[in-house]
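The values are calculated or read from the model by the stated rules, or taken from the named source; none is laboratory data. Just so it is clear, the model here is predicted, and its values are computed rather than measured. Glycine also receives a Cβ, built like all others from the backbone with ideal geometry; neighbour counts cover every protein chain displayed. The protein model used for the area step is the full one, side chains on, heavy atoms only, and it has no ligands, DNA or RNA in it. Shrake-Rupley method; radii C 1.70, N 1.55, O 1.52, S 1.80 Å.
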Amino acid sequence: MTTTGASRGLDLFRDQDIPIYTLTFARDVAPEELLTRMGADPGTLAPRGTGAALADDLGDDLYDGDEPVVMTGVDGPWTWAWELGGLHGLDERVLGAVSAGTEAVVVHYNEKPMHWFKYAADGDVLVDFHTLHAIDPIGYDPARLDATMRPLGLVRGETAPPDSVLTLLENAFGISLTDPATVGGERWSGRLRALPQE
């Protein structure tokens with residue numbers, strides 16, 4: 001399902017009090033395929049409505065950190081997966097699988113407050129940084145996004161301005177996510193399997 005009408009790509013996460021989220025975006029990957037790449041239990045994959053439909057099918061504990069429920073959607077060329085709990089998208093094994101043959105972007109937010117950002121292509125994490133401390137990108141090509149990051153205040157050795165990571169996703173990748181609550185119909189969802197111990 002392609003959705004439209006977002007006022008600005010990720011305003012949902014600026015305007016609403018969402019205390020924790022992990023969003024994984026993959027370019028030109030179908031929703032069911034994205035969930036499969038992320039390690040969803042095949043027996044839980046199905047198109048569903050949001051809210052009660054998720055709870056009815058996947059249990060009351062939608063926010064489990066080890067086996068989180070995840071829902072998907074498509075905005076433009078990007079398919080997104082929104083984990084209702086957990087950090088699976090940040091795991092480099094998951095991100096490697098998601099970005100195989102394409103590119104992927106992950107952002108995690110929590111109330112510390114901090115954003116954690118990763119950009120990967122063809123299975124490799126190119127840029128990886130968080131905003132809990134001064135910006136210090138790592139990865140195979142940590143300077144890849146410098147030209148877009150610098151005007152947003154995302155500068156190595158400096159503290160990130162509020163919401164600058166969301167603006168980075170919008171400006172560098174054209175990413176958006178329309179609020180699922182405002183769009184009717186069903187979207188692919190499922191429960192991610194627990195990550196194997198390293």
Checklist entry - Restricting segment 180-198 to residues that are exposed (fewer than 10 other Cβ atoms within 10 Å of the Cβ) and at pLDDT 80 or above, which is nearest to Thr24 (Cα to Cα)? => result Pro196
Checklist entry - Does at least one position in segment 67-79 carry a residue that is outside any strand (DSSP E or B) and more than 30 Å from Leu45 (Cα to Cα)? => result no
Item to check | Any pair with Cβ under 7 angstrom, 6 or more apart, that starts in segment 167-179 at a residue that is farther than 17 Å from Ala26 by Cβ and ends at one that is at pLDDT below 95 and among the hydrophobic types (A, V, I, L, M, F, W, C) | outcome: Asp179/Leu12
Checklist entry - Is there a residue being modelled with pLDDT under 95, open to solvent by 20 Å² or more (accessible area, probe 1.4 Å), among the basic types (Lys, Arg) and part of a loop (DSSP other than H, G, I, E, B) anywhere in segment 90-112? => result yes
Next on the checklist: Restricting to segment 74-87, give me the number of residues that are modelled with pLDDT of 90 or more, of a type outside the set (Gly, Ala, Ser) and open to solvent by 10 Å² or more (accessible area, probe 1.4 Å).
Outcome noted: 4
Checklist entry - Given the conditions (1) surrounded by fewer than 18 Cβ atoms within 10 Å (Cβ to Cβ); (2) in contact with a Pro (Cβ under 8 Å, 6 or more places away or on another chain), which single one is not true for Met71? => result (1)
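Scan segment 119-135 residue by residue and report those that are open to solvent by 10 Å² or more (accessible area, probe 1.4 Å), touching a helix residue (DSSP H, G or I) at 6+ places or on another chain (Cβ under 7 Å) and in a strand (DSSP E or B).
Hit for segment 119-135 is Val125, nothing else.
Suppose we keep only residues that are in contact with a Leu (Cβ under 9 Å, 6 or more places away or on another chain) and charged (D, E, K, R) within segment 136-162. Which one would you say is most open to solvent (accessible area, probe 1.4 Å)?
The initial filter retains those residues of segment 136-162 that are in contact with a Leu (Cβ under 9 Å, 6 or more places away or on another chain), namely 137, 139-142, 144-146, 148-149, 152, 154, 160-161.
Applying the additional criterion that residues be charged (D, E, K, R) yields 141, 144, 146.
Details: Asp141: 53, Arg144: 118, Asp146: 51 Å².
Once the filter is applied, the top-ranked residue is Arg144.
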Checklist entry - Pairs, please: C-beta under 6 Å, at least 6 apart or cross-chain, first residue closer than 21 Å to Ala26 by Cα and in segment 124-144, second open to solvent by 70 Å² or more (accessible area, probe 1.4 Å) and assigned to a loop (DSSP other than H, G, I, E, B)? => result Asp124/Tyr140; Leu126/Tyr140; Leu126/Arg144; Val127/Arg144
Next on the checklist: Suppose we filter segment 40-68 for residues that are open to solvent by less than 40 Å² (accessible area, probe 1.4 Å) and farther than 20 Å from Phe117 by Cα; how many remain?
Outcome noted: 12
Next on the checklist: Please verify whether Leu34 is modelled with pLDDT of 90 or more and more than 21 Å from Gly76 (Cα to Cα), treating the condition exactly as stated.
Outcome noted: no
